[in-house]
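The values are calculated or read from the model by the stated rules, or taken from the named source; none is laboratory data. None of these values were measured; they are calculated from a predicted model. Here the Cβ is made from the backbone with ideal geometry for all residues, glycine too, and neighbour counts use every protein chain on show.
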Amino acid sequence: MIAKTRNNTLKLADYYMGRDAEYRGELTRELRANARDIVRRVNRLLKRAGLMRKVTSGWRPSALNATVPGAASGSKHISCLAIDLEDRDGALDAWCMANLPALEELGLWLEHPKATRGWCHLQTRPPRSGNRVFEP
Ligand SMILES: [Zn+2]
């Protein structure tokens, strides 16, 4: 059987980045549900924006997160509640900033583009400030 590939949507595998095999013990049912949820929401966002983006950082098991320069120790990437997408031209960040009601509708929060040059960080839980667009 030939698998149909749809290049215009992100896959769970894109989000796990192969870490689901290496860190299987850490990947709880809750984390798997969170991962499915963020991939679904972000695919809806990309479709609306008419953009395709690669995942530059998806799930980060806590041991791995500790080795990422500048990564927060309580990063939402650890619990599969955050994603980083390649955004070299800044078009996705710009689209998000211009379409905040869409983010609200989809249940996504954006790290301020000035803090994420070259990529776009989205998450499925509000930051402490509760702001749709937040400072790290
Ligand atoms: Zn991030």
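Would you please name the residue that is nearest to the ligand (Cβ to nearest atom), looking only at residues in region 119-134 that are under 14 Å from the mean Cα position of the chain (by Cα) and part of a strand (DSSP E or B)?
Looking at the filtered set, the residue picked out is His121.
Under 7 Å between Cβ atoms, at least 6 apart or on separate chains: pull out the pairs that start in region 62-86 with a residue that is at positive phi and end on any residue that is part of a loop (DSSP other than H, G, I, E, B) and surrounded by 17 or more Cβ atoms within 10 Å (Cβ to Cβ).
Pairs that qualify, where the first residue is at positive phi and the partner is part of a loop (DSSP other than H, G, I, E, B) and surrounded by 17 or more Cβ atoms within 10 Å (Cβ to Cβ), are Cys80/Trp59.
Given the residues Arg44, Arg53, which is the only one that is among the charged types (D, E, K, R), within 12 Å of the chain's Cα centre (by Cα) and at pLDDT 95 or above? Spell out the reasoning first.
Working: Arg44 fails: within 12 Å of the chain's Cα centre (by Cα).
Answer to the check: Arg53.
With a cut-off of at least 1 residues that are surrounded by 14 or more Cβ atoms within 10 Å (Cβ to Cβ) and away from the ligand (no atom under 15 Å from the Cβ), name the helices (runs of 4 or more DSSP H) lying wholly within region 45-108. Before you say what the answer is, go through the steps one by one.
Details: elements: 62-65, 91-98, 100-106.
By residue number, 91-98, 100-106.
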